[in-house]
Each structure stands twice: as C-alpha cells, then as structure tokens.
Amino acid sequence: MAESIAAEHEVHHPALQHHFENMEQQREASTLGMWVFLVTEIMFFGGMFFSYTLYRWLYPEAFASASNHLSLPLGAINTGVLIFSSFTMALAVYSAQTGKQRAQVICLTLTLLLGLTFLGIKAAEYKEKYDTNLIPGHLIPSRPFNPDAVHLLPGARKENVEIFFWIYFAMTGMHAVHMIIGVGVLSVILFFATRGRYGPEYHNPVEISGLYWHFVDIIWIFLFPLLYLLGRHLMGHGG
Amino acid sequence: MESFEVPQPSKVNYLNAQYGLKSWLLTRDHKRIALLYLGSVTFFFFIGGIYAMLIRLELLTPQSDLLSATTYNKTFTQHGIIMIFFFLIPSIPATLGNFLVPMMIGAKDLAFPRINLLSWYIYIIAGIITIYALIAGGVDTGWTFYAPYSTTFSNSYVVLTGLGIFINGFSSILTGLNFIVTIHTMRAPGMTWFRMPLFLWSTYATALIMILGTPVIAITVLLLAFERLARIGIFDPAIGGDPVLFQHLFWFYSHPAVYIMILPGMGVISELIANFSRKNIFGYSFVAFSSLAIAVFGFLVWGHHMFVSGQSVFASMIFSVLSFAVAIPSAVKVFNWTATLYKGSISYDTPMLYALGFIGLFTIGGMTGLFLATIAVDVHVTDTYFVVAHFHYIMVGGTLLAYLGGLHYWWPKISGRMYPEGWGRFSALVVFVGFNLTFLPQFVAGYLGMPRRYATYPPEFQVFNVLSTAGASILGFGLLIPLIYLIWSMRYGKIAEPNPWHLPGLEWRTASPPPTENFLLTPIVTWEAYEFAPPEEMEVVGTVHRGRHARSDVDAPIGENT
C-alpha cells in the first residue's frame, strides 16, 4: 500500500490540488460546483422572471406597447451572435479535450470577440433608450422617464409603461453584467490556453467556463422573446 | 490492542502548524476558517445582544423613557438584522459545519478552500458595511424592510444596510455550494450516504436552502435599492408598483431562512442525543430524510407570513395546510430523539443539557407555530408578542442552545482543551431558566394583545415586561459565563484526549486538535454511524494507542505511519 501511494504522488498532475485524491475527484468537484452555482443563478434571475410574469399579467397592453420600442433587428442579431458564440465555446471545449492547441485558442478568441460584439450592440441599444428618454425613474437626473415617448396601444395606460422598462433594464442589465464577467473569465482562460495549459488530461477550467457561458446564453434566449416579441402584430408594422 | 492510532496531540496540529496573523488571514484550512468565523460570529452576537438588552430595558416601563420612539425602532431593527443575518444564519454552518464537514466524511478539506476563505471575507465586508450603516444613523424599517415604508418613507440608511445584506448573501451561497460539492464528491472510501452522521444530512439540507433561497433575497434587496434610489415603481403602489410582490419575494427567502437557522441545530442535536445516550439514533433514515423534507416543504410555506397582507383567502388556506405539513418532519425528529433516549445510557454532560433543553423549547416553539399557521388564530395574534415569543423559542431556544451544545461538545476537538464541566452545567441551567423567564411571559402578553415594535405599551402589560426583562438579564449573564470560561480553557483547560467522549465518529479518530490535513491517511470507513462498541469495551475505546481489540478488523487504519 505504501508503495502504491508513493507511486501516485510521483505521477500526479501538477494541477492536482493537495486536498483531492486524484484528478477525477477534482474534476467532479469543480463541475458539480459550477452546476450548483448555476442553480443559484437561476434563482437569482427567477426573482426578476417572477416580477416580469406578475406585471405582464397585470398590464398586458402596456407591456406590448413598451415592447414595440425595443429594436427587433438589434435584439435578433444579438440572439444570433450569442448562439454562435455558444457554438464556438463548445468547439473550444472539444479542442481542449482532444488536445488541439491551435483550434482551442482560435475558438476561445472567437467566443471572446462574439461576447464583446454582443455587449457593443447592447450598449448601442441602451444609448438609443437614453436618447429617447426611456430610462426608467430618475436614474439619469437630467433625463427622467418620459412616458409620452411611448406609442400606446388600445387599453394601455401611460402610468404602467415604465414598469416594462425597469424590468427590461434590470433583466438585460443583470444579463450584461454576467456577460462582462464571462468575458473576463474567458480572457483568463485564453491567456492560459495560449501557454498550453489545457490538454486531454486537464481541461476542466475550459469546461466549466463553457458551462457558465452557455448558461448566460440561455438566459438571453428567454429574455429575447419575453422582452422583444410582445404584441408586434398589434402594431401593424415591423416595429 | 491497537486498532487505531492517532497523532500525538502535543506535536504539530492545525493551530500550531504556522504562526502569525498572516497565516490566519490567508489560511485555506477549513478548521482555521471555522475559527475565524467563530470569532466574528461571536462578535456580532454580542453586538446584537447589546441591542436586545436595550430593547428589554426600554420595555421595563410602559412609557418611552430610555429610548425615544425613533431610536427604539432602530434598536429592534438592528437587533434583528445583526442577529439573523450575521449570527443565526452563519452560526452553526460556518463554524461547526466548516470545522466538521470534512472531518466527518474523512476528507482533508472542503472542495474549494479558497472559496471558503473568500466567503469569510465577504461576510466581514458585509459586516463592516452594516456596522457602518448602524453607526452612521441606523435603519428603522424592521428587519423585514417592508415596502413602501422602506422604499419611500423611511429616513434611515436602508440602501447601505441592504447592501450589507446583499453582500452577506454571497458568503452564505458560497458556504452552501462548498458543503454540497464536498459531501457529494469528497467522502472517504466506505463513507456511504447512509453512514454519514446526521449532522451532515442536516447541513446538506441547509446548504440546499442556502443556494436556492439566498439569490432571491439578493435580487429583492437590489430591486428595493433601485426603487429607493431611482424612484422606479417596483414595490410602491403610488408609482405603479406592488407592495405584496415585495412580501412574496422577501418571504420566499426569509421563511426558508428560518430553516437555514434551525436545521443545522437539529443536526447538532441528533449527534448529541445519540452520542450522549450511547445508542444508535432511532430511525436513522427517517431523521435523515426529515431534514430534506423540511428543506423542501420550507420553500412552500412563505405565505403564512402574509395572512393579513391582502393575499387571497384561497392562497392563505393552501399556505396554512402546507405549514401544518412542515410540522410532520419536525415532529419526526422530536419523536425519534425521544425514542433514542429510551433505555439509553444517558450522561448529563453540558452538551446533553443543552440538547435536552433544545427538545423542550423547540417543541414549544414548534407547537405555537401551529397556532400561527391557523389562519383565524393568526389574524388575532399577528404582530403581537405571541409571534415574538414563538420565533425566539425557535431561534434562541432552538438554534442558540444547539449552537452552544455543539460548541461544548466539539470544543475538545477544536481547541484541544476541555471546558470546565461544572461551570458548563451551571451556565446551561442559567441560560435555560433565563430564556424561559424572558419569553414565556411574552406568549401571554401577546395573546392578550400587546403589539410588537412599539416603545410604549398600556400599563396592564407591565408585569409581563418586568418578568421578561428580568429573564433577559439572567439569560445575558448565563451567556457571558461560557464566553469567559471557553476563552479561559483555551489556555488553562485540561488537555483533551483525542476521543474524550469515547465515540465512534470519524472526527474523534484523530488527534485533538487535529493535524492540518485532518487524518494522516485517508480513512476507510467500515462502520455505521453511531455504532457503539459493546459495553465491556467502552472504557478503552478511543484512548491513544488502544481501541476495540475484538473488532480491530472494522476499524480504520488512521494514522498508520507508512
């Protein structure tokens, strides 16, 4: 027994932390840790999804009216960008697992760029809301929310359109914060990937960052229809 | 005779492995982090305790004489916030849990030692922000932060306190995450789920609530701050929001948070009752699963805080029925503890006194909970001292007693020294008497209609309040005694054996205090939880270099030097 333990110590991977028995245990622990973390994220966004449900149920017309002031093309492009970034992320994980060093670096770079593209488009959308006085409350003191800027559908009341916009900003803002964290994480991963740290034996950081990235994408996949696609048919035009 | 061998206690252990402030502040050892938590949690407990004493002194007389009404509002709010978020929630999980989870499953550390240390720093930062808010001017909304008072009308430091609670939530989430992953992936060979000590089952259930509930209070507090800062109508009806939404979101976390506070306590009590009766726990799997059942049901009963909020009567009825359902797993525990005592070989050491106190007080707290789950009775006693007494029976009579019991029980392992048994028993009795004298009269006052959260009250309630204040003084005194003798014992206490209580658990099969990596070799577990040796072998079990000779094949080769 003593020999086998000594042998294990000799061959163990440099990335193995001292409190784990072997790489397999370390991999399981970090993967499960990320999944548990994602569960907490679901609950975190859940509070906002619940608020969305409640207020949309209370004020459906106001929600549809306000939703028409979001840019459908930009939202749709961003959806495409994120879906594609998930694809490149999955390829990056695959390349790490199979030891394709160059493909791994390229895919991570692509994912990073796509994430930044998403954030850029999101910023342009926020700028447009700022210009049209659609930022809720007195967040921008010189430009308080102006409900008159919203074209009201029949049945919608002016007092209620602001609620849509705070939900929009809370949810997409929180999502953007998660994107920014994701970009930060990917930058670190990319840095180590260029130094050839990840390969077939040790690729767990790439994998769990991928899990996180996919999760943030999925949140957007829910946000896009819930926020952008309401009552388009009622307007009689493309928005 | 040798069945297991433990490292010599006087040599290197986790306390003397490294010296200096830096070695503590940058430690990744779960045992040292547990001690960091122990110190800070104790600090916050005494801050909260000072507020409690101020409340009790003010209520000695019917008039508002010691504190003005505004100051009183801030006092009870800050008492609640400090005690709930900075003492009760982290108390057992972050100190005893941190110390014991890896030891009980035979691991070297928690799965994520850095995240574990991070959670302590987050807790400290949150604590500093909150304390700063209290010093800067305090907060007067009650710990519940009900909107629209908190978002629109209150002139106190709501946002800053909210920030403290928001940040503190992440400490709780990270601790929960660490426990879940550790229990899933780091168990020693042979340590199956059903061989785990029951403390781990309840810690696991607590961790589930921490990761599922805490994010919701985080987002709720965030929205509250947004509404207050930007005047966005989220919760204030005057600007288009819905105040009942706040209550739903708040209680969706804060009711399960009650179980974050009491479930680890129940785990400690399961350990104490089985070990100090020297008997396998009655119905192990029932006690284990009742923890999970409480965690699951706990998420479905938040509406019983809102019977008078204007939610539909139908919703209230469903919440009422579900609240009764939570009583079932709780009662399973109480009955099984009692059945474990039956024909046990009971020793009345300090931890056991706390455990027995817990059973009685928790039962009273739980039963009065049923009164409050009954809609008609609840409408009568809502916002009275009946409610105050009820939750203090759970929080103080339950959690605090379990925490103290656990602290005494594992103190030899934590510090390597015995606490003075006589003083221990004495203070346990003083705490028990003081506690009951404080809160039993409040049931009566509340039932007669004395409302909570007022600095003044009609003179006919004075007798109850005088009793209560007298009790609080005794309770405060009783709690100071352990503080003094536990600190004293760290230097002057009798040196503890590795296994002073002669118990089978893994944490007792290593030195007191344990070495940094807990066990010299990963143990192999071949015994069930609470498997006590036959009586004739009891005396030698656990002494250094000696063990259960007749069953040496079933013992782990811990400390075998290779």
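The values are calculated or read from the model by the stated rules, or taken from the named source; none is laboratory data. All values derive from a computational prediction rather than experimental measurement. In this analysis, Cβ positions are derived from the backbone assuming ideal geometry, glycine residues included, and neighbour counts consider all displayed protein chains.
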- [ ] May I ask you to verify whether B:Leu372 is buried (at least 19 other Cβ atoms within 10 Å of the Cβ), touching a residue at least 12 places away in the same chain (Cβ under 8 Å) and part of a helix (DSSP H, G or I)?
- [x] yes
Open item on the list: Looking at the stretch A:192-210, I want the residues that are surrounded by 14 or more Cβ atoms within 10 Å (Cβ to Cβ) and modelled with pLDDT under 95 and have a partner that is of a type in the set (D, E, K, R) and in a helix (DSSP H, G or I) with Cβ atoms under 6 Å, at least 6 apart or on another chain. Which pairs are those?
Closed with: A:Asn204/A:Arg27
Task: Residue match in the stretch A:32-48 (condition: away from chain B (no Cβ under 14 Å), of a type in the set (Gly, Ala, Ser) and touching a Ser or Thr at 6+ places or on another chain (Cβ under 9 Å)) - done: no
Open item on the list: Could you check the stretch B:224-249 and list, in sequence order, the residues that are within 22 Å of B:Asn155 (Cα to Cα), part of a helix (DSSP H, G or I) and without any contact (Cβ under 8 Å) to a residue 24 or more places away in the chain?
Closed with: B:Phe226, B:Ala230, B:Ile239
- [ ] May I ask you to list the residues in the stretch B:336-353 that are surrounded by 15 or more Cβ atoms within 10 Å (Cβ to Cβ) and more than 19 Å from B:His502 (Cα to Cα)?
- [x] B:Asn336, B:Trp337, B:Ala339
Task: From the options B:Met83, B:Met103, residue that is part of a helix (DSSP H, G or I), of a type in the set (A, V, I, L, M) and over 17 Å from the mean Cα position of the chain (by Cα) - done: B:Met103
Open item on the list: Within the stretch A:100-138, take every residue that is free of Cβ contacts under 8 Å to residues at least 24 places away in the same chain and in a loop (DSSP other than H, G, I, E, B) and give me the one that is farthest from the other protein chains (Cβ to nearest Cβ).
Closed with: A:Lys100
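Condition check ((1) more than 10 Å from chain A (Cβ to nearest Cβ); (2) farther than 30 Å from A:Trp166 by Cβ; (3) within 23 Å of the chain's Cα centre (by Cα)) across all residues:
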| site | (1), (2), (3) |
| --- | --- |
| B:Pro189 | no, yes, no |
| B:Met196 | yes, yes, yes |
| B:Ala205 | yes, yes, yes |
| B:Leu229 | no, no, no |
| B:Ile234 | no, no, no |
| B:Ala238 | yes, no, no |
| B:His248 | no, no, no |
- [ ] Pull up the stretch B:215-224, narrow it to residues that are more than 7 Å from chain A (Cβ to nearest Cβ) and of a type in the set (Val, Ile, Thr), then point me to the one that is surrounded by the most Cβ atoms within 10 Å (Cβ to Cβ).
- [x] B:Ile217
TODO: Kindly check whether there is at least one residue in the stretch A:64-86 that is assigned to a helix (DSSP H, G or I) and closer than 16 Å to A:Leu190 by Cβ.
DONE: yes
- [ ] For the stretch B:130-145, enumerate the residues that are part of a loop (DSSP other than H, G, I, E, B) and surrounded by 22 or more Cβ atoms within 10 Å (Cβ to Cβ).
- [x] B:Val139, B:Asp140, B:Thr141, B:Phe145
Open item on the list: Condition check: closer than 19 Å to B:Ile173 by Cβ, buried (at least 23 other Cβ atoms within 10 Å of the Cβ) and in contact (Cβ under 8 Å) with a residue 24 or more places away in the chain. Does B:Ala111 satisfy that?
Closed with: yes
Open item on the list: Could you go through the stretch A:2-16 and let me know if any residue there is facing chain B (nearest Cβ under 8 Å) and modelled with pLDDT under 95.
Closed with: yes
